[in-house]
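Below is one structure, written out as structure tokens, with a few remarks after it.
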Amino acid sequence: MVEQDRIGDEAESVGERRSGSPWLSGVIGLVVMLVGGLIFIGARVLAPNGEAESPPPPPEPPVCAPADVKIADGKPMPRELPEPLVTLPTGCLPPEPGAAITFADVVVGDGAEVKQGAAYLAYFALYDLGTGKLVASHWKPEHKYGGLTGGKADLTGDLWSRGLAGMKSGGRRVLLLPAVTGELAQDPVEMFRTVPLVAVVDVTTS
């Protein structure tokens, strides 16, 4: 009788161990799935050569435009427009050397239009687009370079005065001047254009 009880107890113990096996198998299966998922994610993150994929490069900034230059009025000037207070754009690329001169009117004049060969007088402030430094200014008498030029308007080629085409006397315009090289850079007026420039120009005609 005692022998039968012992056999029965052993049978129950074996049954308990067997009944626990599905639970253990489920845990092992879950662990295997998690490990497999991590391996799959790691394979997606790693490039074929085993290095982490680089994030895509940020989009290239746009090229600066004259409309990006902000102009406010400074101190009044007798018989002239007020001194321009200039805020240069940031976060944009300068125009490529040799690109076309672009412009935007700040004040539209009501006088005669600047035409090829017409006599004109221009007052200007000139800024280095890259550094923001003032290069020359009519409104800063202490500046070592004057900001006054004139003569017969040449609206052809790559000369800076091409940006005056269509401008009317009494007006103000922002010019974006790409850098120039070679002989043009030796011109007494164009010599500043070894770097891209922003020019704020007031013009009168005669």
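Among the listed pairs Lys70/Lys115; Lys70/Lys133; Lys133/Lys168, those whose Cα-Cα separation exceeds 23 Å are Lys70/Lys115; Lys133/Lys168.
In percent, what relative contact order does the stretch 83-152 have, based on Cα pairs under 8 Å that are 6 or more apart in sequence? Can you show the working numbers first?
Values: 66 pairs, mean separation 19.0, N = 70.
About 27 percent, as a whole number.
Computed from the coordinates by the stated procedures, all read-outs in this text should not be read as laboratory data. All figures in this text were calculated on a predicted structure; none of them were measured in a lab.
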